[in-house]
Amino acid sequence: MYSIKKEALGSLLAAIGAKRKLYVPADNAGLILFTPYADGVSVNLSRNPDVSAKDFFFPQVENICRFKVCGKTVDVIDNREKNEDFVVFGVRACDVKSFEVLDNVFLSEPVDGYYKDRRDHSLIVTLACSKPLETCFCGTFGIDCAAPGGDVEAYACGDSYAFRAITEKGEAFLAELSLENGGDEAVEACKAKINEIKAKLPLSDLTTEGFGGGKTKDLFNNPKWAELSASCLGCGTCTFVCPTCQCYDIRDFDTGNGIQRYRCWDSCMYRDFTKMSAGQPRPSQLERFRQRFMHKLVYYPENNNGLFSCVGCGRCLRKCPQSLNIVKVMKALREDD
Amino acid sequence: MQELIKKGKELFANGTVDRIIGWTRGELPYDREIRVFRCAECFEKDFVYDAFCGANLSKYLIEESGKEGKIGVFLKPCDSYSFAQLIKEHRIKKENVYAVAIECYGKCDSRALADSVEDAIYWITDNGPELKIDTVSGAVVRNTYDYMLEKCAACKTKKHAPGCDETIGDEGEKVDDCTRFDIVAKLEAMTPEERFAFWRGELSRCIRCNACRNVCPACSCEHCVFDNPASGISQKAAADSFEENNFHIIRAFHVAGRCTDCGECSRVCPQHIPLHLLNRKFIKDINELYGEYQAGENPDERAPLTNYTKADCEPSVVYKRGGKN
């Protein structure tokens, strides 16, 4: 365990940033967004950033390749961005768990090389949540926000930050920074305090009972879906702020000078999602809404040894324009029991 | 709120409506969901009208008024303009709606309020000018007026558009010292390069969730051109860094002259993009070029952008003369 005074965080980040590309949670228009570290960036570690850390591995949009017609041949040009080593600072336990959910999708055969390359180049410095919010329910999915994991774990304890390496990569990273030893006791006190708050959170009693693999028949035809989805706008906010939503589309864009093939986020909430020649497999918003929650709470765990594809980060609770969310869905469906 | 509940129960009891669309408590202390109440008892039990009912109900009436029976709705002043405009565009069947005009003194930006509190929130008590917030580590108090939605802080009118069936409380007046064009004027005073940089910065945060479009009462196309792969401009995300910006600009053009400035686009944006400024620029231009115009205000008047009179000016000429018609 290593420790630094809180006022030394700036110089620590500068030292990390001098060697590698570094992203930190920073203020931006009233939001907290992961931002490239630079002099003058307003670092804000007060709460989990508004946009999840999945963007580092599964970006909103990325180039796959470019096609160019030259006479009777077509050139295929690999114009993906080249990745360099990077560090993400201040990732919370929920987002770390989301990487496991995404890995199951992108790193199982056939491996997604674009995703894997970014995972391989990353180093994750996590931060324990000293002040979990009313929207937080990571505990529901067995996640401990006081033990966030990653390559290096950080704790904000009183007037100092403590760091602990979790992986070998993290050990080597901390060794480079020549930090002073200490902080063990402070971390234990910090953890005890977090656990005290966790028990008092409004959503602390939410469980996954009634959900998981094998529950399709119990839940699919529940009449509650109609009322739950009635005011859904069909926008993609919940899916795009969600750290585990992993659906994408691949599209071609005519640049006027060839074709750019790119991958971008897609949302099961959209009416043209997975549209095929036979039409839209889920023609109503009720069906699209149900798909999203059934995927998180039933289908994904069924195919991934019981792992839920919700991590309780609470971003959908914060961001849904009409105040719909997974917690409300879980509570409403369970009322029938 | 009690008056509204009384009115709702009365509308159910005398058979005026068979359902009412309104707000109800959500999962979190500051969440207000939209619900269609189908009986007087459930309405009385769950209907809420308070500082957090910022959502505009008008757009839901496009679908709801197409159904059998008659639906009741409570309309805040700004929502009533969306409602009137949608009737004018033949998108809402007025005969299937019973609209009650209600007062509004501004609604709270619940996200900004919650973010101003460090700890997990249990409950919020709305004491009018003050909000008492109970958290896991004790209570804090916030001034309601410090956490207004932008659309409310820059409120243009407390007077309803014509078309409501009755009014509860006193009808308000237009706001004389409305500040809604202040930032537009600042943007106009910038150089084109500064303005371009401003918008590129703001729009760079867009995640293309379409919440702005889907909530917008003026965006009432059944099938948006941006969702139609055959249109050639259907892009789910930016193919290049200007695509996203294009989406917002095209959308602003498409709702120009029909946008009532209800402010929902900026309320729902998860990325805090001030989209209302694009729409207000159009409104300000229309006011300056064709005379004061408020979409939804006059059911019989032709909209300036779909009308022609010999007195119409040439915008480029007007601006060359320094904004004088």
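Remarks
- The set of residues from segment B:83-125 being of a type in the set (D, E, K, R) and in a loop (DSSP other than H, G, I, E, B) comprises B:Glu89, B:Arg91, B:Lys93, B:Glu103, B:Lys107, B:Asp109, B:Glu118, B:Asp119.
- Just one of the listed residues (A:Val61, A:Val105) is within 17 Å of the chain's Cα centre (by Cα), surrounded by fewer than 22 Cβ atoms within 10 Å (Cβ to Cβ) and within 14 Å of another protein chain (Cβ to nearest Cβ), and it is A:Val61.
- Conditions (1) under 15 Å from the mean Cα position of the chain (by Cα); (2) over 30 Å from A:Glu196 (Cβ atoms); number of the one not met by A:Cys70: (1)
- Residues that are free of Cβ contacts under 8 Å to residues at least 40 places away in the same chain and over 21 Å from the mean Cα position of the chain (by Cα), drawn from segment A:158-173: A:Gly158, A:Ala165, A:Glu168, A:Glu171, A:Ala172
- Each residue in segment A:267-299 was checked for being in a helix (DSSP H, G or I) and among the aliphatic types (A, V, I, L, M), and 4 pass.
- Subset of segment A:200-218 (residues that are surrounded by 20 or more Cβ atoms within 10 Å (Cβ to Cβ) and of a type in the set (A, V, I, L, M, F, W, C)): A:Leu201, A:Leu203, A:Phe211
- Look at segment B:21-48: where a residue is without any contact (Cβ under 8 Å) to a residue 24 or more places away in the chain and more than 9 Å from every other protein chain (Cβ to nearest Cβ), no partner that is hydroxyl-bearing (Ser, Thr, Tyr) and assigned to a loop (DSSP other than H, G, I, E, B) sits 6+ places away or on another chain with Cβ atoms under 8 Å.
- Check on A:Glu227, within 9 Å of chain B (Cβ to nearest Cβ) and either touching a residue at least 60 places away in the same chain (Cβ under 8 Å) or surrounded by fewer than 20 Cβ atoms within 10 Å (Cβ to Cβ) (or both): yes
- Single residue of A:Glu185, A:Glu196 found to be free of Cβ contacts under 8 Å to residues at least 24 places away in the same chain, assigned to a helix (DSSP H, G or I) and within 14 Å of chain B (Cβ to nearest Cβ): A:Glu196
- For segment B:58-70, filtered to residues that are of a type outside the set (Asp, Glu) and surrounded by fewer than 23 Cβ atoms within 10 Å (Cβ to Cβ), the residue that is nearest to B:His90 (Cα to Cα) is B:Ile62.
- Residue in segment B:114-121 that is under 20 Å from B:Glu166 (Cβ atoms) and within 14 Å of chain A (Cβ to nearest Cβ) present: no
- Among the residues of segment A:264-281, those that are surrounded by fewer than 22 Cβ atoms within 10 Å (Cβ to Cβ) and within 9 Å of chain B (Cβ to nearest Cβ) comprise A:Cys264, A:Arg271, A:Asp272, A:Lys275.
- Counted residues, segment A:300-330 - those being of a type in the set (Val, Ile, Thr), touching a Lys or Arg at 6+ places or on another chain (Cβ under 9 Å) and not in a loop (DSSP other than H, G, I, E, B): 2
- Residue that is nearest to the other protein chains (Cβ to nearest Cβ) [pool: residues in segment A:327-337 that are closer than 14 Å to B:Glu33 by Cβ, in contact with a helix residue (DSSP H, G or I) (Cβ under 8 Å, 6 or more places away or on another chain) and not β-branched (Val, Ile, Thr)]: A:Lys328
- Among residues of segment A:308-326 that are more than 9 Å from chain B (Cβ to nearest Cβ), those with a beta-carbon under 6 Å from a residue that is of a type in the set (Ser, Thr, Tyr) and surrounded by fewer than 23 Cβ atoms within 10 Å (Cβ to Cβ) at least six positions away or on a different chain give the pairs A:Ser309/A:Tyr300; A:Gly312/A:Thr140.
- When residues in segment B:58-83 are screened for being within 14 Å of chain A (Cβ to nearest Cβ) and farther than 22 Å from B:Arg180 by Cβ, 8 of them pass.
- Among all positions in segment B:135-146, there is at least one residue which is β-branched (Val, Ile, Thr), outside the structural domain of B:Ala51 (by TED's automatic domain parsing), in a loop (DSSP other than H, G, I, E, B) and surrounded by 15 or more Cβ atoms within 10 Å (Cβ to Cβ).
- Total residues in segment A:30-58, condition away from chain B (no Cβ under 13 Å) and under 21 Å from A:Lys116 (Cβ atoms): 3
- Within segment B:5-23, tally of residues that are closer than 30 Å to B:Thr135 by Cβ and surrounded by fewer than 20 Cβ atoms within 10 Å (Cβ to Cβ): 1
- Evaluated against (1) touching a Lys or Arg at 6+ places or on another chain (Cβ under 8 Å); (2) not in a loop (DSSP other than H, G, I, E, B), A:Thr244 falls short on exactly one condition, (2).
- Residues in segment A:240-253 that are at the interface with chain B (Cβ under 8 Å from one of its Cβ atoms) and in contact with a strand residue (DSSP E or B) (Cβ under 8 Å, 6 or more places away or on another chain): A:Phe240, A:Asp249, A:Arg251, A:Phe253.
- Segment B:243-325 holds helices (runs of 4 or more DSSP H) entirely within its bounds, and those carrying 1 or more residues that are at pLDDT 90 or above and more than 14 Å from B:Leu203 (Cβ to Cβ) map to B:243-255, B:264-268, B:276-290.
To keep it simple, each residue is scored yes or no on (1) in contact with a helix residue (DSSP H, G or I) (Cβ under 8 Å, 6 or more places away or on another chain); (2) modelled with pLDDT of 95 or more; (3) among the small types (Gly, Ala, Ser).
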| residue | (1), (2), (3) |
| --- | --- |
| A:Lys200 | no, yes, no |
| A:Thr237 | yes, yes, no |
| A:Val241 | yes, yes, no |
| A:Asp249 | no, no, no |
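- Near pairs, Cβ below 7 angstrom, 6+ apart or cross-chain, from segment A:241-269 (under 20 Å from A:Asn104 (Cβ atoms) and touching a residue at least 40 places away in the same chain (Cβ under 8 Å)) to any residue that is surrounded by 18 or more Cβ atoms within 10 Å (Cβ to Cβ) and of a type in the set (Lys, Arg): A:Cys242/A:Arg315; A:Pro243/A:Lys54; A:Tyr248/A:Arg263
- Restricting segment B:84-113 to residues that are within 14 Å of chain A (Cβ to nearest Cβ) and either surrounded by 20 or more Cβ atoms within 10 Å (Cβ to Cβ) or of a type in the set (A, V, I, L, M, F, W, C) (or both), the residue that is nearest to the chain's Cα centre (by Cα): B:Lys107
- Residues being within 14 Å of chain B (Cβ to nearest Cβ), crowded, with 18+ Cβ neighbours inside 10 Å and not in a strand (DSSP E or B) - total across segment A:5-29: 0
The values are calculated or read from the model by the stated rules, or taken from the named source; none is laboratory data. Everything quoted here is computed from the prediction, not taken from an experiment. Quick reminder, even Gly has a Cβ in these numbers, built from the backbone with ideal geometry, and neighbours come from all protein chains shown.
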